[in-house]
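*Asks:* Take a look at this one; I'll ask things after.
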Amino acid sequence: MIVTLIVFLGWIVSVCLHEFGHAIIAYWGGDKTVKDKGYLTLNPLKYTDVSLSLVLPIVFLLIGGIPLPGGAVYINRSLIRNRWWDSAMSAAGPAATFMVALVLSVPFRLGNPLEAVETSLSLGTFELETLTTQDQLWLALAFLGMLEVAGAVLNLLPVPSLDGFGIIEPWLPPPLQQQVRKYSRYGFLVLFGLLWFVPAANAAFWGLVYGLSQQLGIPVLFSRMGYLVFRQWSWLPLVILVVTIAIGQRLNPRAQVRSNQRVDLQRAIANAESAVQANPNQPQYWYQKGQLLLADHQYEAAEAAFHQAIQLKPDADTWHSRGIALLFMQQYEHAIAAFDETLHLQSDQSLAWVHRGRAQRGLQRYEDEITDYEQALALDPENANIWCDHGLAHYHLGQYKAAIDSFDRAAYIDPSSWTAWYLKGLALMPQQQFERAIRCYDHALNLRADATQTWIAKGSALLQLQDFEGAIASYDQALSLEPENATAVYNKACTYSLQGQREKALEMLSQALNLDPKVSDLAASDVDLDPLRSEPAFQQLMAGYHSNSDGAMISG
């Protein structure tokens, strides 16, 4: 079992390093979105889809096949600077796999650890039951090292869908690239069929793998013995893996759905990029690409795609979409200009007025924001979301009664709007109507129990009523939904501080600062933390973060 577990876990690590290699080169080469997707974390769960990234390669190992690292990271190639970086990105994965093989070969270069086993094999007297734990360790290293060599060689084959073809693809004529992409999904199947069913192809492949393994110093004889031992228990890790994934999906089905949706979106973006390259003068393809990038939160790339579409054919929808991308990029003046172009072409587009208002909010022009929402409401008076925006603008101006009136109107139009009840609760807080605010938050939570910000807001209202246990319970509910929500952790620190539980307060404050160093700016003057200020631990904690707070404060 030792051999099986070592190979199983080692393969998972090598797949993660393989995909990390692709991601880090893509990041250096211009695609900064890989960081937001979590591809630079070496976390196996971040590599797109467990079934594609890990299960498929392991299944091939367990059935006696060959290692096939899954296409676990999705790169926006349009963001890569040039063809050299594009090729390097494809080469990085196999390079990482080969480096793992090189590391695994080092112990064998330092000596022959299994001379007795080798002698027994040559005499035909070897039995698996005679292996010691140390023997199994060496056999596992040999087998895993050989598999890493096989993985590197396999991925360097110039077959569409593998990294070897990805290295040369940027240098091929665009028409040829388009033709090959149409059939790339079949490249893997054809290759697997050749290696599995054509003896000559299989012999050539494994002959090359064994030769390279020997050059590295990995004994092929030990690799084969490692395979035999591995096969004895190969079913157990597979069962554990399948059960683990099944339990994970049962406990967190939304995460699996989101993961699948992200995979589908990345594939759609890749297809849109192909369409743009094949039809660069067709504005609809640029528009479709921009919409997909917008959905994937790649706002700069989306804005560039919409800009290209506008150059070919300016229309209201494209200007509007470009304005939305600029809004997310916090380029509010440019966003307003884009929405003005939209309204010039189509003055009755209510959403353009709404988004123009939100850009005004970003500039803290709340009076102008209200004017834009009133224009939108004149076109669409029964839209609850617009009434919520309208109320929020009044809230920012301190006009709480007008804000509550707008939120009430939104709730009347759409009784299922949890946002209206949540925002009404916020508007009641400055008026110290905490009991009413809590009732609003409870109503919102009845409509949507997984709204983290509502649990945090309810905790703040309970804290004002000195219901410390209730406040902690609300913050814990928020953290069960978002374990790394710095606002909820910070508010727990404040609650413990007011309770006189200084050790817990300092522990929570330290966690909040680790999650978001900008918390130190708030903690520096928060009266709720006054009971802690005389504590040396508090002073040391604040001194360590206050000068380095360069993160963005999380809003609850």
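A short reminder: the numbers here are calculations on the coordinates, not readings from a lab. Values in this document were obtained by computation on a predicted structure and should not be read as measured data. Cβ sites come from the backbone with ideal geometry, for glycine too, and all protein chains shown count toward neighbours.
*Asks:* Which of W28, W319 comes first, and how do the rest follow, when ranked by fewest Cβ neighbours within 10 Å?
*Replies:* Neighbour counts put them in this order, fewest first: W28, W319.
*Asks:* Of H394, M429, Q360, which is farthest on the positive side of the dipole of the stretch 317-473, counting Cα position, with +1 on Lys and Arg Cβ, -1 on Asp and Glu Cβ, and the Cα centre as origin?
*Replies:* M429
*Asks:* Please arrange F328, F205 by counting, for each residue, the other beta carbons lying within 10 Å of its beta carbon, fewest first.
*Replies:* The most exposed by this proxy come first: F328, F205.
*Asks:* Once a ≥ b ≥ c are taken as the square roots of the eigenvalues of the Cα gyration tensor of the stretch 460-556, is the result rounded (a/c under 1.5), prolate (a/b larger than b/c) or oblate (a/b not larger than b/c)? Please report the intermediate quantities before stating the final value.
*Replies:* Values: a/c = 1.90, a/b = 1.21, b/c = 1.57.
Judged from the Cα gyration tensor, the stretch 460-556 comes out oblate (a/c at least 1.5, b/c at or above a/b).
*Asks:* Tell me, what ³J(HN,Hα) does each residue in the stretch 323-339 have, in order and in whole Hz, if you take phi through Karplus 6.51 cos²θ - 1.76 cosθ + 1.60 with θ = phi - 60° and put x for Gly and Pro?
*Replies:* x, 5, 4, 5, 4, 5, 7, 6, 9, 5, 5, 5, 5, 4, 4, 5, 5
*Asks:* Ok, one more. Output ³J(HN,Hα) for the stretch 486-499: one whole-Hz value per residue in order, computed from phi by the Karplus curve 6.51 cos²θ - 1.76 cosθ + 1.60 with θ = phi - 60°, and x for Gly and Pro.
*Replies:* 5, 5, 5, 5, 4, 5, 5, 4, 4, 5, 4, 4, 5, 7
*Asks:* May I have the extent of the alpha carbons of the stretch 360-406 along their three principal axes, as whole Å values ordered from largest to smallest?
*Replies:* So the three principal-axis extents are 24, 21, 12 Å.
*Asks:* Still on this structure: Which order do peptides 371-378, 383-390 fall in by mean Cβ count within 10 Å, highest first?
*Replies:* Peptide ranking by packing, descending: 383-390, 371-378.
*Asks:* Same structure, new question: Calculate one ³J(HN,Hα) per residue across the stretch 358-364 by plugging θ = phi - 60° into the Karplus curve 6.51 cos²θ - 1.76 cosθ + 1.60, and present them in order as whole Hz with x for glycine and proline.
*Replies:* 5, 5, 4, 4, x, 8, 6
*Asks:* Here's another thing I want to ask about it. At q = 0.25, 0.27 Å⁻¹, what is the log10 ratio I(q)/I(0) for the stretch 382-449, with the Debye formula run over Cα points and no solvent?
*Replies:* Rounded to two decimals, the profile gives -1.02, -1.14.
*Asks:* Quick one: of K35/K313; K32/K289; K401/K458; K37/K289; K401/K518, which pairs are farther than 27 Å apart, Cα to Cα?
*Replies:* Details: K35/K313 33 Å; K32/K289 18 Å; K401/K458 20 Å; K37/K289 19 Å; K401/K518 32 Å.
Over 27 Å apart, Cα to Cα: K35/K313; K401/K518.
*Asks:* What's the exposure ranking of E19, E469, going from fewest to most Cβ atoms within 10 Å? Could you put the intermediate results ahead of the total?
*Replies:* Details: E19 27, E469 10.
Ascending number of Cβ neighbours within 10 Å: E469, E19.
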